[in-house]
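What follows is a short report on a single structure.
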Amino acid sequence: MEIERKFLVDKEKFDYKAFESKKLVQGYLNTNPVVRVRKEDDEYYLTYKGKGMMVREEYNLALNKEAFDHLIKKADGNIISKTRYLIPFGKYTIELDEFDPPFAPLLLAEVEFESVEEANAFVAPDWFLEDVTSDSAYHNSNMSKRKF
């Protein structure tokens, strides 16, 4: 089970580029339910995500490079490319995604929690802007379907 909240970020208030990062490329084979393939640096995954906004099922299966290369060609819509910065924040790790075009200059932060109560009690840092957890426009699966 994945329990996470998503926030827009004010890049003028925080220098995120000093933190460890990973390069991600992902495509969606299906968006209802979500079936995604992802390259994360030199690791590859097939992910299934169930319905929901803040709380939903998530399962990851390891892939090899050949399987990823084969499946990414079958993805519908936009291939999403982004740099993910891993930012320690108390007991949490904020995953801040800096999107490449056509989604640039979008910055989206995600924080994962152990429980719904913990998620609801979370006090965001001052460089977080709007909480977009319940806005489906910020689900990467929906972004993959956006027309430009």
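Could you tell me which of the residues Ala137, Ala104 is surrounded by 11 or more Cβ atoms within 10 Å (Cβ to Cβ) and modelled with pLDDT of 95 or more?
Matching residue, one of Ala137, Ala104: Ala104.
From Val116, Val55, Val111, which residue is in contact with a helix residue (DSSP H, G or I) (Cβ under 9 Å, 6 or more places away or on another chain), touching a residue at least 12 places away in the same chain (Cβ under 8 Å) and farther than 30 Å from Asp15 by Cβ?
Val55
Run down Glu66, Glu95, Glu110 and say which single residue is modelled with pLDDT of 95 or more and farther than 29 Å from Phe148 by Cβ.
Glu66
Taking into account only those residues within the stretch 48-72 that are assigned to a helix (DSSP H, G or I) and not small (Gly, Ala, Ser), which is surrounded by the fewest Cβ atoms within 10 Å (Cβ to Cβ)?
Taking the stretch 48-72 first, the residues assigned to a helix (DSSP H, G or I) are 65-72.
Narrowing the set further to residues that are not small (Gly, Ala, Ser) leaves 65-66, 68-72.
Values: Lys65: 11, Glu66: 9, Phe68: 20, Asp69: 13, His70: 12, Leu71: 17, Ile72: 17.
Among them, the one singled out is Glu66.
If I filter the stretch 1-20 down to residues being among the basic types (Lys, Arg) and under 16 Å from the mean Cα position of the chain (by Cα), which single residue comes out as farthest from Ala121 (Cα to Cα)?
Here the residue is Lys6.
Scan the stretch 83-93 and give yes if some residue there is open to solvent by 70 Å² or more (accessible area, probe 1.4 Å), polar (S, T, N, Q) and part of a strand (DSSP E or B), otherwise no.
Yes - at least one qualifying residue is present in the stretch 83-93.
The values are calculated or read from the model by the stated rules, or taken from the named source; none is laboratory data. These numbers were taken from a predicted model, which means no experiment stands behind them. Neighbour counts run over all protein chains shown; Cβ positions are idealised from the backbone, glycine included. Note: areas computed on protein heavy atoms with side chains; ligands, DNA, RNA excluded. Shrake-Rupley method; radii C 1.70, N 1.55, O 1.52, S 1.80 Å.
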